[in-house]
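For reference, the structure discussed in these notes is given below.
Since every read-out is calculated from the coordinates, none of them should be taken as a lab result. Remember, predicted model here, so these are calculated numbers, not experimental data. All Cβ positions, glycine included, derive from the backbone under ideal geometry; neighbour counts span all protein chains shown.
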Amino acid sequence: MSRVDAKNIWKIYAGGVLAVKEVSFHCEDGEFLAILGPSGCGKSSTLRMIAGLEDITKGELLFDGKLVNKLSPRERNIALAFETYALYAPLTIYENIAFPLEAGGMKRKQIDEKVKQIADMLDLTDVLNRKPSHLSGGQQQRVSLARALIREPNVFLLDEPLSHMDQRVRVLLRARIRRIHDELKATTIYVTHDQEEAVSLADRIIVMHLGEIQQTGTVDELWNHPKNIFVAGFLGEPAMNFLETKIEKPTQISLTTGEKKATFELRGKVDEKYVGCEAILGIRPERIVVLADKRDEQSAPSLVEVVEPLGETKIVTVKLDDVELKVVSLREVDTAVGKTIYLKFKPEDIHLFDKQTEKALLA
């Protein structure tokens with residue numbers, strides 16, 4: 001396997017369309033790295049440049065310190081699985097999976113063992129003698145995935161490989177992909193728009209937006225220390241709530257609710273220059289404490305509008321002045337529609353962002 005280094009990579013398509021801007025990252029030998037972001041953020045263009053399917057406009061791509069910008073996909077020794085299956089229609093499923101091994105000159109007995117092993121892992125044993133046209137979309141995608149994973153390449157590149165599968169199968173296959181990665185000690189770069197996939201699979205995650213990397217880190221780093229509003233709002237379901245606030249002291253902020261002011265302490269300090277300025281407060285729905293009545297100045301009244309039961313918990317939509325918030329609450333907490341409840345934010349759960357730059361103000 002290989003370490004991958006991307007250094008200031010750009011992709012500019014014909015007509016000056018900027019897809020990827022100054023992207024730099026590394027993927028350690030044997031690491032599982034996810035590239036996460038919404039549609040059109042540049043993640044697939046980045047993967048295609050790593051694969052050698054797209055030219056790199058500017059920058060350098062290295063495998064184990066060796067520049068590979070001009071090498072073909074075959075010369076890079078990578079394995080690919082994409083959202084589109086690209087299976088060979090005249091061949092059986094067995095032949096499709098075995099194809100890269102046969103092309104590499106592996107002996108028939110070894111090929112047979114490997115094909116049966118990977119087919120068993122991905123629940124394809126019963127369809128090995130069928131043709132792709134007789135399979136569902138989800139099954140075809142599993143075949144594409146099997147064909148990529150059966151090789152022993154320098155790098156596995158997976159682009160939305162589970163997108164056409166139902167939720168139950170996706171959960172099952174996520175675990176199997178990670179198991180295969182661990183068994184092979186593979187270097188894997190996985191592109192997805194699905195945060196649940198990225199969080200459950202990856203050692204580290206790159207979050208992209210508008211062609212640029214917003215932040216790279218572990219799940220804990222991205223979740224608890226987002227560098228900007230985009231990262232904070234992109235991770236989490238329901239998404240993080242955002243409110244305009246005023247910085248009263250380096251360690252205190254306030255919300256104006258009607259004629260009253262609710263104050264909240266911060267877990268750290270902001271620079272003195274921000275005192276008196278407006279900022280953006282971020283708080284995750286599951287971190288909001290719900291009180292039946294006001295107990296101190298560090299709680300804000302809000303009106304319950306919608307309650308969505310989820311078994312042991314529920315998602316409560318509330319209105320705090322003109323701002324709609326989502327709160328995850330335990331089932332037994334009284335949050336009847338039309339009731340006024342009080343929201344309390346603990347210092348360690350408050351995120352604070354600059355209103356203009358949208359960058360985090362708390363380390």
Notebook entry, point to check: How would you rank 121, 106, going from fewest to most other Cβ atoms within 10 Å of each one's own Cβ?
Noted result: 106, 121
Next item on the list: For segment 116-228, state the semi-axes of the equivalent ellipsoid (square roots of 5 times the eigenvalues of the alpha-carbon gyration tensor), sorted largest first and rounded to whole angstrom.
Entry: 29, 15, 12
Next item on the list: Determine, at each q value in 0.08, 0.13 (inverse angstroms), the log₁₀ of I(q)/I(0) that the Debye formula gives when each Cα of the chain is one equal point scatterer.
Entry: -0.52, -1.03
Check: Excluding same-chain residues fewer than 8 positions from residue 114, which aspartates and glutamates have a Cα within less than 13 Å of its Cα?
Finding: 95, 102, 152
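Taking the Cβ of residue 267 as the center, what net charge do the other residues with Cβ under 11 Å away carry, scoring Lys and Arg +1 and Asp and Glu -1? Don't skip to the answer; put the middle values down first.
Working: positive: 269, 346; negative: 265, 348, 349.
The answer is -1.
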Item checked: the chain: relative contact order as a whole-number percent, Cα under 8 Å and 6+ apart -> 15 percent
Notebook entry, point to check: Between rounded, prolate and oblate, where does segment 224-288 land on the alpha carbon gyration tensor, with a ≥ b ≥ c its root eigenvalues, rounded for a/c under 1.5, else prolate if a/b exceeds b/c?
Noted result: oblate
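What is the sum of charges, Lys and Arg at +1 and Asp and Glu at -1, for the other residues whose Cβ falls under 15 Å from the Cβ of residue 353?
Numbers: positive: 227, 246, 267, 284, 355, 359; negative: 244, 271, 278, 349, 354, 358.
Residues close to residue 353 contribute a combined charge of 0.
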Notebook entry, point to check: If amide H atoms are built 1.01 Å from N in the plane of the peptide, which residues on other chains or at least 5 residues away come under 5 Å of the amide H of residue 191?
Noted result: 35, 158, 159, 160
Item checked: In Hz, Karplus ³J(HN,Hα) per residue of segment 70-81 (6.51, -1.76, 1.60; θ = phi - 60°; x = Gly, Pro) -> 9, 7, 6, x, 4, 5, 7, 6, 10, 10, 10, 9
Notebook entry, point to check: If contacts are Cα pairs under 8 angstrom and at least 6 residues apart, what is the relative contact order of segment 239-354 in percent?
Noted result: 30 percent
Notebook entry, point to check: Ranked by Cβ crowding within 10 angstrom, fewest neighbours first, how are 94, 13, 190 ordered?
Noted result: 13, 94, 190
Notebook entry, point to check: Considering only Cα-Cα distances, which of the following residue pairs are longer than 32 Å: 273/339; 11/185; 58/359; 227/339; 246/339; 294/314?
Noted result: 273/339; 227/339
Next item on the list: Calculate, for residue 333 and residue 86, the FRET efficiency according to 1/(1 + (r/R0)^6) with r their C-beta to C-beta distance and R0 51 Å; round to the nearest 0.05.
Entry: 0.50
Check: To the nearest whole percent, what portion of all C-alpha pairs in segment 239-354 is separated by more than 16 angstrom?
Finding: 57 percent
Notebook entry, point to check: Once the principal axes of the Cα atoms of segment 1-156 are found, what is the range along each, listed largest first in whole angstroms?
Noted result: 46, 30, 24
Margin query: Once you order the gyration tensor axes a ≥ b ≥ c over the Cα atoms, which shape class does segment 93-168 get: rounded for a/c under 1.5, otherwise prolate or oblate by comparing a/b with b/c?
Written below: oblate
